[in-house]
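J.: Please see the structure below; I have some questions.
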Amino acid sequence: MSPNTNIDQNAIRTRAHELWQERGCPLGSAEEDWIRAEHELSAAAKNASDRAPTSSKARIRAVSAKPAAASATRPKTLAG
């Protein structure tokens, strides 16, 4: 079993099959394709989790800045 058990096995299987097809469907390469797919997905998951906190902070700043900016540009209405 692979050390990365939190990666979806179906995603690994799908990516390994893609890799195998990209290489012309050679015989005897299943393990190599599986390991490469596992490494790619593991790296992608790690990169996504490394970026997530920064993205969340940026989103929070953007959301909290919207009300102030919106009120400054909101046209005044005439009360009648």
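J.: Check off (1) modelled with pLDDT of 90 or more; (2) part of a loop (DSSP other than H, G, I, E, B) for Leu41 and give me the number that stays unchecked.
T.: (2)
J.: Also, quick follow-up: In segment 4-26, which residues are of a type in the set (Val, Ile, Thr), modelled with pLDDT under 95 and either surrounded by 13 or more Cβ atoms within 10 Å (Cβ to Cβ) or farther than 15 Å from Lys46 by Cβ (or both)?
T.: Of everything in segment 4-26, just one residue is of a type in the set (Val, Ile, Thr), modelled with pLDDT under 95 and either surrounded by 13 or more Cβ atoms within 10 Å (Cβ to Cβ) or farther than 15 Å from Lys46 by Cβ (or both), namely Ile7.
J.: Anything in segment 27-37 that is assigned to a loop (DSSP other than H, G, I, E, B) and either surrounded by fewer than 15 Cβ atoms within 10 Å (Cβ to Cβ) or of a type in the set (Val, Ile, Thr) (or both)? List them, or say none.
T.: Leu27, Gly28
The values are calculated or read from the model by the stated rules, or taken from the named source; none is laboratory data. Since this is a predicted model, take the numbers as computed values, not measurements. Note: ideal-geometry Cβ built from the backbone for every residue, glycine included; neighbour counts use all protein chains shown.
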